[in-house]
There are 2 protein chains.
Amino acid sequence: MLIIVADCEVNYTGRLTTYLPRARRAIIVKADRTVLVMADRGHQPLNWMVLDKRSSLHIEPDRIVATKGKEQLEIMLHQVLARHELELGAEPGLAKAGEELEMQQSLAARPEAILPGLRLIQREYATSIGPIDLLCRTLDDQAVVVEVKRTAAGIEAVEQVCRYVTVLSEDSRFAHAQPVLVAQSFRPQTVQYAQRRGVLCVQITLEQLRQGAEGELRYPAGPYCGPGLFELG
Amino acid sequence: MLIIVADCEVNYTGRLTTYLPRARRAIIVKADRTVLVMADRGHQPLNWMVLDKRSSLHIEPDRIVATKGKEQLEIMLHQVLARHELELGAEPGLAKAGEELEMQQSLAARPEAILPGLRLIQREYATSIGPIDLLCRTLDDQAVVVEVKRTAAGIEAVEQVCRYVTVLSEDSRFAHAQPVLVAQSFRPQTVQYAQRRGVLCVQITLEQLRQGAEGELRYPAGPYCGPGLFELG
DNA sequence: TCATTAATGTCGAAT
DNA sequence: ATTCGACGTTAATGA
């Protein structure tokens, strides 16, 4: 990893065109030739480029130029204030727990946590517009389409699960499926919109799932209102 | 900006739980107290925390702890190999060109690039659910709702433009509007779904727009099937 | 390689 | 404070 602090000017052309006027910034060139231009605030770099094998990187005393296909990042180093090169070695990698996958797997193992008597038909059931998180059936054999969101579910999630219901309606085995949205929390507008569309909202946190608790029905099921009806009140 | 290179171990708990085993990494603490833990590859930090006023940050010789609400980032510094503190000063900011705004403005100036004879009624036409990029009319006075996407348009874009048509239907002047999606490219599923919803997909690149060329109609206009209704088969 | 979806997405603007 | 949509989104996964 090469760390340069410099008074610099940056041009990027590629997916768009940007210009960064002359100022002092930190520039990082990583072992995999990733280049970052960082300001003193925020998460995101001002400019960057992640290079692959076909890309080129030239580091000169007063200039750094990275090229990747039609994209180019040019850093003009007007004055270098510091320069440190160091070896970081291997990265063991980040271990994560609590992602959507964990929720989905936990729910697949205990679908009755979503609705009493619910049983799983298939996880990641493939459709022409993408996989359904959980395809299930109720006690009385009604098909249920479950979309799982780890974080607070938004309106898009409602639309996503409705799309699946519509596509499923082509298959007589799964016609008139009930859409269900499971999330750790819901935005108010999401619940409202789900209500209009007849989408069931079930709130269950990862902790509850781990403890084996059942989800709380946030909104009672109304009739499914068809694929896309959107009436304003 | 404080840059520390250290043999470290990191724990994050909050939106999820992560653990980063002991290894050598670069740690950056910015002027706004943003903390980044960086590996020697890729664009994204391994761990990070962007703090606000209510958050706390403690920097000790062998430990950095950032707390923000229920989130906590703890960096254990087993061995500090380098430590540099420096002033970067003010950031003039990044100037950008070629974003969605440019496409929208170019299309507003030449709506006939979307469809022959199309004329603009209003750009950013306000509705209760957000502004319509371009509200237009055809030669025979049919209202047209245009949603512009700079990048490859996804299924959400289809739904977005359909929502606008539905809301517009309350206004007799713009009832039965034709939804149109303009983008530099379309994902295959998007075209398929747009077809079902009666949404016209028009592909125009920024380069074409700059050159004044007309858009290529990617998908022939079918009848708009109502807000969400679409027929299968 | 391409297409699709999740993400501690981040970020900024408008309500 | 919350919602919403854009982003050079990035990154990972499956076909």
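Any read-out appearing in this document is the output of simple, stated calculations on the displayed coordinates, not a laboratory observation. Values in this document were obtained by computation on a predicted structure and should not be read as measured data. Quick reminder, even Gly has a Cβ in these numbers, built from the backbone with ideal geometry, and neighbours come from all protein chains shown.
What to note about this one:
- With a 10 Å cut-off around each Cβ of B:18-29, the average count of Cβ atoms from other chains is 4.
- Largest GNM mean-square fluctuation across B:GLU71, B:GLU170, B:GLU99, computed for chain B with C-alpha springs under 10 Å, falls on B:GLU71.
- Tilt relative to chain A, helix A:188-197 - C-alpha long axis, 0 to 90 degrees, to 10: 50
- Amide proton proximity set for B:VAL144, modelled H, under 5 Å, gap of 5+: B:CYS136, B:ARG137, B:THR138, B:GLN178
- For the protein assembly as shown, the alpha carbon convex hull comes to 173 Å³ per residue, rounded to a whole number.
- Distance-filtered residues of region A:1-39 - backbone nitrogen under 19 Å, label point 7 angstrom along B:GLN105 Cα→Cβ: A:12-21
- Reach of A:LYS53 by Cα under 17 Å, taken over aspartates and glutamates that are not fewer than 8 positions away in the same chain: A:ASP32, A:GLU71, B:ASP40
- Gaussian network model of chain B, springs between alpha carbon atoms under 10 Å - residue of B:VAL167, B:VAL35, B:VAL191 with greatest fluctuation: B:VAL35
- Here region A:85-145 is treated as a sphere whose radius is the Kirkwood value from Cα pairs; by Stokes-Einstein at 20 °C and 1.002 mPa s it diffuses with a coefficient of 154 µm²/s.
- Label-zone membership for region B:1-22, site A:LEU86, 7 angstrom Cα→C-beta point, backbone N under 17 Å: B:1-10, B:22
- Computed [θ] at 222 nm, deg cm²/dmol, the protein assembly as shown (DSSP H ≥ 4; -39,500 (n - 2.57); rounded to nearest 500): -5000 deg cm²/dmol
- Violating pairs (Cα-Cα greater than 21 angstrom) within the set A:LYS30/B:LYS30; A:LYS68/B:LYS30; B:LYS96/B:LYS149; A:LYS30/B:LYS96: A:LYS68/B:LYS30; A:LYS30/B:LYS96
- Counting Cβ atoms of other protein chains within 10 Å of each residue's Cβ and taking the mean over peptide B:76-85 gives 1.
- DSSP-defined antiparallel bridges as percent of all bridges, chain A, nearest 5: 80
- Each label point was placed 7 Å from the Cα along the Cα-to-Cβ direction; for B:GLN44 and A:ARG210 their separation is 2.1 nm.
- A cut-off of 5 Å between modelled amide H atoms, ignoring neighbours fewer than 5 places along the same chain, links B:CYS8 with B:ALA23, B:ARG24, B:ARG25, B:HIS78.
- Given their separation in residues at 0.36 nm each and the Cα-Cα distance between them, B:GLU112 and B:THR138 gain 8.4 nm when the chain is fully extended.
- Net charge of neighbours whose Cβ lies under 10 Å from the Cβ of A:GLU74, counting Lys and Arg as +1 and Asp and Glu as -1: 0
- Taking A:TYR193, A:TYR219, A:TYR19 in turn, the Gaussian network model of chain A (Cα-Cα springs below 10 Å) assigns the largest fluctuation to A:TYR19.
- DSSP beta bridges in the protein assembly as shown [antiparallel fraction, %, rounded to 5]: 85
- Selection from A:LEU107, A:ALA31, A:TRP48, by position along the positive dipole direction of region A:1-116 (Cβ): A:TRP48
- Debye intensity ratio I(q)/I(0), log10, chain B, q values 0.16 Å⁻¹ (C-alpha model): -0.93
- Label point distance in nm, B:ILE121-A:GLN122, each placed 7 Å from Cα along Cα→Cβ: 4.5
- Compared with the direct C-alpha span, the chain from A:MET76 to A:TYR19 gains 19.4 nm at full extension, assuming 0.36 nm per residue.
- Label-point gap, in nm, between A:GLU9 and B:ASP52 - each point 7 angstrom along Cα→Cβ: 3.8
- The H on the amide N of A:SER185, modeled in the peptide plane, is under 5 Å from the matching H of A:ALA152, A:ALA153, each at least 5 residues off or on a different chain.
- Remark: mean inter-chain Cβ contacts per residue of A:33-46 equal 6, using a 10 Å Cβ-Cβ cutoff to other protein chain atoms.
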